[in-house]
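Chemist: I have a structure here, written as structure tokens, and I will follow up with some questions on it.
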Amino acid sequence: MEVRRLLEEFKASERHVCELMAAARSSRRYRSRRDDSHIQERLRELAREHPRFGYRRLHLYLDQEMTVNHKKVQRVYRELGLSVKPTRRKHLRRSLQPRPVLTAPNQEWAIDFASDVTDAGQRLRVLGVIDSFTRQSHVLETATSFPSRRVTRELGYEAGLSARL
């Protein structure tokens, strides 16, 4: 492309311009005789049928029908402008609302798990339930594991206890 512009601008010979640019004249004259139209057509069809497939997976389908190199499939895939659109990650939407001001105990609790390992390699876990207003710990339960039913039971027990207070 650059050689053509120089040829037109300086009215110099092709040989002279190619010599100045240290480029072979044969590379300027080269015209590809490759015909990938049958691969392009089939690749378009497969991409329409399977829009979530990339060139690697589409190559497996093409390779069953016709022997084709994966590098050629990748080149044609890019030339056609095909690409797999990245999936959007779902993020938690948080509304920025001010936290309510706590005025009495048992309005809000904080729950947390802590974990540690003994010298023998046994894992210990601690479930803590803390009143956010008084900062008083209502539950500190220690065990090797906390299935969801046990956590629910502990929270239910604590709710019953605070209702009696």
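FYI, it's all coordinate maths here, none of it is from the lab. Being a predicted model, the structure only gives us computed values, none of them experimental. Ideal geometry is used to build each Cβ from the backbone, glycine not excepted, and the neighbour counts take in all protein chains shown.
Chemist: Helix 70-79: angle to the longest alpha-carbon principal axis of the chain, degrees 0 to 90, nearest 10?
Modeler: So the helix axis and the longest Cα principal axis differ by about 90 degrees.
Chemist: On to the next question. Could you tell me the center-to-center distance, by alpha carbons, between the stretch 57-119 and the stretch 31-53 in angstrom?
Modeler: Their Cα centres are 29 Å away from one another.
Chemist: Divide by every residue of the chain the summed helix terms, -39500 (n - 2.57) for each DSSP H run of at least 4, and state the resulting mean residue ellipticity at 222 nm, rounded to the nearest 500 deg cm²/dmol.
Modeler: -13000 deg cm²/dmol
Chemist: I want to verify the translational diffusion coefficient of the chain in µm²/s; compute it with Stokes-Einstein, Rh as the Kirkwood radius over Cα pairs, at 37 °C and 0.692 mPa s.
Modeler: 135
Chemist: Sticking with this one: What is the sum of charges, Lys and Arg at +1 and Asp and Glu at -1, for the other residues whose Cβ falls under 13 Å from the Cβ of residue 61?
Modeler: That sum, taken over residues with Cβ under 13 Å, equals +1.
Chemist: Same structure again: Translational diffusion coefficient, Stokes-Einstein: compute it for the stretch 109-164 using the Kirkwood radius over C-alpha pairs as Rh, at 25 °C and 0.890 mPa s, and state it as an integer in µm² s⁻¹.
Modeler: Calculated translational D: 203 µm²/s.
Chemist: Moving on. In a shell of Cβ-Cβ distance under 14 Å around residue 75, excluding residue 75 itself, what net charge do Lys and Arg (+1) and Asp and Glu (-1) give?
Modeler: Its environment carries a net charge of +2.
Chemist: Ok, one more. Write down the Kirkwood hydrodynamic radius of the stretch 32-105, to one decimal in angstroms, obtained as one divided by the mean of 1/r over all alpha carbon pairs.
Modeler: In the stretch 32-105 this quantity evaluates to 15.5 Å.
Chemist: Can you work out the Karplus-derived ³J(HN,Hα) for every residue in the stretch 113-128? Use 6.51 cos²θ - 1.76 cosθ + 1.60 with θ = phi - 60°, whole Hz, and x for glycine or proline.
Modeler: Along the stretch 113-128, the couplings run 10, 10, 9, 8, 10, 7, 4, 6, x, 7, 8, 10, 10, 10, 9, x Hz.
Chemist: Counting other Cβ atoms within 10 Å, keep those with at most 16, restrict to DSSP loop, and tell me which chymotrypsin sites (Phe, Trp or Tyr not before Pro) in the stretch 74-134 are left.
Modeler: Taking the stretch 74-134 and a limit of 16 other Cβ atoms within 10 Å, the loop chymotrypsin sites (Phe, Trp or Tyr not before Pro) found are 133.
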